[in-house]
Amino acid sequence: MVLDAAMDVFLEHGYEGASMEAIARAAGVSKPVVYDCFVNKGELFKALFQREEARVTEEIRASLPTSAPEGAEAALVDGFEAFLRAVATSPRAYRTILHGEGGMSASVARRIRAGRERQAADAMLVARRWLDPGGQLDDAGARLFGELMVSIGEAGARALLSGEHGWTPETLAPALARVAVAALPAS
């Protein structure tokens, strides 16, 4: 409850503009209750960020089959659709992350970059495991492909959040997958 309220307050006022008092008010509790849960605003923000990071990561991982679906394009559709569903579930959070809204501090920006690097590393493993069963990608190619997948996903999130063209996760994911498959090396 406190973390949910904190999300709204941080998105509305940015880190610097948020206060423990405002978070307590938004949660419908007293300030001492918030301090019983979290030592300070920094610890509360860290816990919120970790929760959201884990939620998005889990949503994406849960959508990906444990074995390769029939073809690279199907695998990419599944992954992009899961990511875009997470974006659609928390649009304000993703606008903040993608566009730097909400008064992000340098430490938050560093944390987001680190999370993006982990996503690229995960995408590299996917590229190795089921998008490239023939072993066409070397380490550098797999890393580049991972970075490309994250970039395509971010472009998709921006398109979804713009509201233009009536995209949904289900309609946008196949379009992104087609672009991504074109980047795979020929077998």
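So that you can scan it fast, the table gives a plain yes or no per residue for (1) surrounded by fewer than 19 Cβ atoms within 10 Å (Cβ to Cβ); (2) at pLDDT below 75:
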residue	(1), (2)
Ile97	no, yes
Ser105	yes, yes
Arg110	yes, yes
Ala127	no, yes
Phe145	no, no
Ser187	yes, yes
> Between residues in the stretch 37-50 that are without any contact (Cβ under 8 Å) to a residue 40 or more places away in the chain and over 15 Å from Ala24 (Cβ atoms) and residues that are in a helix (DSSP H, G or I) and of a type in the set (D, E, K, R), which pairs lie under 7 Å by C-beta distance while being six or more apart or on different chains?
Replying inline: none
>> If I filter the stretch 1-29 down to residues being in contact with a helix residue (DSSP H, G or I) (Cβ under 6 Å, 6 or more places away or on another chain), modelled with pLDDT of 90 or more and over 26 Å from Ala114 (Cα atoms), which single residue comes out as surrounded by the most Cβ atoms within 10 Å (Cβ to Cβ)?
In response: Ile23
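Take the residues in the stretch 133-179 that are polar (S, T, N, Q) and without any contact (Cβ under 8 Å) to a residue 12 or more places away in the chain; name whichever of them is farthest from Ala82 (Cα to Cα). Full working, then the answer.
Initial filter on the stretch 133-179 (polar (S, T, N, Q)): 136, 151, 162, 168, 171.
From what is left, the residues that are without any contact (Cβ under 8 Å) to a residue 12 or more places away in the chain are 151, 162, 171.
Working: Ser151: 15, Ser162: 18, Thr171: 12 Å.
Going through the qualifying residues, I end up with Ser162.
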> Of the residues Arg51, Arg61, which is surrounded by fewer than 16 Cβ atoms within 10 Å (Cβ to Cβ), at pLDDT 80 or above and closer than 30 Å to Leu148 by Cβ?
Replying inline: Arg51
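The values are calculated or read from the model by the stated rules, or taken from the named source; none is laboratory data. Since this is a predicted model, take the numbers as computed values, not measurements. Cβ: placed from backbone, ideal geometry, glycine included. Neighbour counts: every protein chain shown.
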